[in-house]
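Worksheet: one structure, shown below.
The values are calculated or read from the model by the stated rules, or taken from the named source; none is laboratory data. Here the structure is a predicted model, which means the values were calculated and not measured. Cβ: placed from backbone, ideal geometry, glycine included. Neighbour counts: every protein chain shown.
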Ligand SMILES: Nc1ncnc2c1ncn2[C@@H]1O[C@H](COP(=O)(O)OP(=O)(O)O)[C@@H](O)[C@H]1O
Ligand SMILES: [Mg+2]
């Protein structure tokens, strides 16, 4: 079930980035707008206040005892009034004449100037500066009675109306819209390849794994992404093809013994007088054993290819070779030459499987004898199994490692295994970061297994330091379907020469 809380954000990346960019732009532009607004208005106010103060001071200098002349404003500060201590207007400029006192503030001696905005009604405001006439002057002119000069002007429209704020807000909204719109367009453009990739991928999923995603022009992150997607597709296609081949060859291999079994049983039922039931049962049993063998090997192969981790331990390969050779007796003689201290790190059960198969094959194909060696060469533990049989033609030396490939005539085929032995053996060698190949020999076939050797701490081969990996030469990658995921080293193994 769909767990997790649904995010309040929109699902589209385009919408998300646009939302984020829009919100950021709005915050940023609002801060800038507010700052600009504040600075502009503050400056206008200061200018008016300065001019008012100047006008008041200039007028004050002209005051004469008993001669309060009407002032003539020379600047935009057109409202000038002289007011006594009871708030009565003594004299005023033409614009301010006939009005009541512009303000009621009467600055104290220690604070002789004050600014104020006086509003008679909303939108009808006057900016006033009040100046207290100095005491000395008041003493001369009005026998000490404090007088005040009010100087001001009708609030300029930029302060009186909200025009600046409104136009700033409009600009912010417009700019935010532009930024968000730009982002929407850009994100759409940038994300367009994603839609194309998605469309193509769904087509590939439904229709045909062999299709590939076309790379858009230019070199962007998409180029890399598409490269990786196409690699994945190629790998997937190969895996699916390999699985199909696997299923086909496997069912084919299983069908033959099953058909034989069926014929035997039918004959026994149809011709009870001609067929000996005991021998029919024995034949059926042997076929069943063969089927079991194949199925067991298939299971081993499947596990190996699934990369199931195996327990790794230090193994004395020489001792293991001796033990495995000793369990086999018969007409074919076994010569074992195993050096001491040929050690590897690996899965005992898997390595026994490899040796078991190589020895069984060698014995089956040998005329008289089989030679087995285990030694260390450079950083490698090398096991060779050589027989004196007919050998394997150069053309078949890779083929025999394929599933169910058996070369020999009917006589040997009878006693043969599932035809999976060498496939499994090579997979195990790969899983150990090693190789398994067929090499030239004077007679018969020679199988060579190479695995990275491990050393005791004090001991190094020939006084040199142990090389890091089994493969000295950089090998090409293994054929598809032969690789096993669980590799130890960094380089892929190669069994081809
Ligand atoms: N020592 C050998 N000499 C000649 N041919 C061999 C030898 N070992 C393997 N082969 C060939 O490789 C084939 C595949 O071997 P393998 O995968 O072990 O399957 P199986 O042993 O079940 O036949 C064998 O059927 C045989 O034809
Ligand atoms: Mg075999």
Practice problem: Would you point out which residue out of 96, 35 is closer than 17 Å to residue 148 by Cβ, outside any strand (DSSP E or B) and out of contact with any helix residue (DSSP H, G or I) (no Cβ under 6 Å at 6 or more places or on another chain)? | Solution: 96
Quiz item: Are any of the residues in the range 364-386 near ligand 1 (Cβ under 7 Å from one of its atoms), modelled with pLDDT of 95 or more and either assigned by TED's automatic domain parsing to the domain that holds residue 327 or within 24 Å of residue 253 (Cβ to Cβ) (or both)?
Solution: no
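Mind telling me which of the residues 145, 165 ends up being part of a helix (DSSP H, G or I) and more than 35 Å from the chain's Cα centre (by Cα)? Don't jump to the end; show me each part of the working.
Values: 145 fails: part of a helix (DSSP H, G or I).
The match here is 165.
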Quiz item: Which ones in the range 393-414 are at pLDDT below 95, more than 10 Å from ligand 2 (Cβ to nearest atom) and touching a helix residue (DSSP H, G or I) at 6+ places or on another chain (Cβ under 8 Å)?
Solution: 402, 403, 404, 405, 407, 408, 412
Practice problem: Hey, could you check the range 299-318 for residues that are touching a residue at least 40 places away in the same chain (Cβ under 8 Å) and within 17 Å of residue 352 (Cα to Cα) and say which is farthest from the chain's Cα centre (by Cα)? | Solution: 318
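Residue-by-condition table, conditions (1) surrounded by fewer than 20 Cβ atoms within 10 Å (Cβ to Cβ); (2) more than 14 Å from ligand 2 (Cβ to nearest atom); (3) within 20 Å of residue 439 (Cα to Cα):
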| position | (1), (2), (3) |
| --- | --- |
| 327 | yes, yes, no |
| 330 | yes, yes, no |
| 336 | yes, yes, yes |
| 341 | yes, yes, no |
| 362 | no, no, yes |
| 365 | no, no, yes |
| 381 | no, yes, yes |
| 386 | no, yes, yes |
Quiz prompt | Tabulated pairs, the range 204-222, first without any contact (Cβ under 8 Å) to a residue 60 or more places away in the chain, second part of a loop (DSSP other than H, G, I, E, B), C-beta under 7 angstrom, 6+ apart or interchain | solution = 204/211; 222/216
Exercise. Sort through 284, 325 and tell me the only one that's part of a helix (DSSP H, G or I) and without any contact (Cβ under 8 Å) to a residue 40 or more places away in the chain.
Key: 284
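Mind listing whichever residues of the range 128-142 are part of a loop (DSSP other than H, G, I, E, B) and either in contact with a helix residue (DSSP H, G or I) (Cβ under 7 Å, 6 or more places away or on another chain) or outside the structural domain of residue 112 (by TED's automatic domain parsing) (or both)?
We begin by selecting, within the range 128-142, every residue part of a loop (DSSP other than H, G, I, E, B); these are 133-134.
133 - this is the single residue of the range 128-142 that is part of a loop (DSSP other than H, G, I, E, B) and either in contact with a helix residue (DSSP H, G or I) (Cβ under 7 Å, 6 or more places away or on another chain) or outside the structural domain of residue 112 (by TED's automatic domain parsing) (or both).
Look at the range 367-377 and say how many of its residues are more than 16 Å from ligand 2 (Cβ to nearest atom) and in contact with a helix residue (DSSP H, G or I) (Cβ under 7 Å, 6 or more places away or on another chain).
Within the range 367-377, the subset more than 16 Å from ligand 2 (Cβ to nearest atom) is 367-369, 371, 373-377.
Imposing the further condition that a residue be in contact with a helix residue (DSSP H, G or I) (Cβ under 7 Å, 6 or more places away or on another chain) reduces the set to 374, 376.
Adding up the residues that qualify gives 2.
For (1) farther than 30 Å from residue 416 by Cα; (2) touching a helix residue (DSSP H, G or I) at 6+ places or on another chain (Cβ under 8 Å), each residue gets a yes or a no:
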{"position": "179", "(1), (2)": "yes, yes"}
{"position": "210", "(1), (2)": "yes, yes"}
{"position": "216", "(1), (2)": "yes, yes"}
{"position": "246", "(1), (2)": "no, no"}
{"position": "255", "(1), (2)": "no, no"}
{"position": "262", "(1), (2)": "no, no"}
{"position": "271", "(1), (2)": "yes, no"}
{"position": "282", "(1), (2)": "no, no"}
Quiz item: Residues of the range 161-187 being closer than 30 Å to residue 227 by Cα and loosely packed, with under 13 Cβ neighbours inside 10 Å, which ones?
Solution: 185
Self-check item: Top-ranked residue in the range 343-354 [being in contact (Cβ under 8 Å) with a residue 40 or more places away in the chain and touching a strand residue (DSSP E or B) at 6+ places or on another chain (Cβ under 7 Å); ranked as nearest to ligand 2 (Cβ to nearest atom)]
Solution: 354
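Kindly evaluate residue 426 against the criterion of being within 13 Å of ligand 2 (Cβ to nearest atom) and at pLDDT 50 or above.
Numbers: within 13 Å of ligand 2 (Cβ to nearest atom): yes; at pLDDT 50 or above: yes.
For residue 426, the condition - within 13 Å of ligand 2 (Cβ to nearest atom) and at pLDDT 50 or above - is met.
Would a scan of the range 251-267 turn up a residue that is under 46 Å from the mean Cα position of the chain (by Cα) and in the same structural domain as residue 451 (by TED's automatic domain parsing)?
no
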Quiz prompt | Members of the range 20-56 that are free of Cβ contacts under 8 Å to residues at least 24 places away in the same chain and farther than 21 Å from residue 160 by Cβ | solution = 20, 23, 24, 27, 28, 31, 32, 35, 54
